[in-house]
Each structure stands twice: as C-alpha cells, then as structure tokens.
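Remarks on the structure that follows.
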Amino acid sequence: MAGDQCEECLVGRCHPVTLPYLRKFGPHVIVLPNAPARKCDMCGYIDFQPEFLMTMQVMLEEIAKEQRAREQRKQPLAGRRPGWTPAGRDR
C-alpha cells in the first residue's frame, strides 16, 4: 500500500522500505538486515509489516519452547538426588 497516510503525523505518506529489525531475545539480540516496513516521508515513523512481525513472533516462541525443553531435560527429576541409586537406599 504505497502512499498510505501516516498514522502518526496524519500529514506524510508511508512508503515501503526495507530496514534493519532488532529484537532482544533473552541475553541475545536478533538482527535482520532487510525487514519489510513502511516509513513516513514527513515524520520518519516506521511501521513493520504485520505479517513479518507475526512470523517473527511464531519463530521466536518456537525457539523459546525448544530451549525450555532442553533445559528441563538437563535438570534431575523432582524428589531424586543426583547420584542416588536403589543400591544406595539400603545403606
């Protein structure tokens, strides 16, 4: 939608551009150099495309879910001490 009225200043027109997208993800920063966006020619307001943002959200949620699953596999089961064996119970 090239030339849509800017939602921020209501004067300028927003035009399609590609811009760097930065997002903090835990201790990391994700940088995508060519993210689709719209930019106002008057006030400089930037609006990333909703489809792009939704795709990023889904991808980051999937990565976070996989990371949580990996961390849970590393932790011992509740109620069991590390190194406990049935033979050690008789002592």
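Since every read-out is calculated from the coordinates, none of them should be taken as a lab result. These numbers come from a predicted model, not from an experiment.
Applying the Karplus relation 6.51 cos²θ - 1.76 cosθ + 1.60 with θ = phi - 60° to the range 22-34 yields 3J(HN,Hα) values of 10, 8, 7, 9, x, x, 9, 10, 9, 10, 10, x, 10 Hz, where x marks Gly and Pro. Taking 0.36 nm per residue of separation and subtracting the Cα-Cα distance, full extension of the segment from Ala64 to Phe48 would add 3.5 nm.
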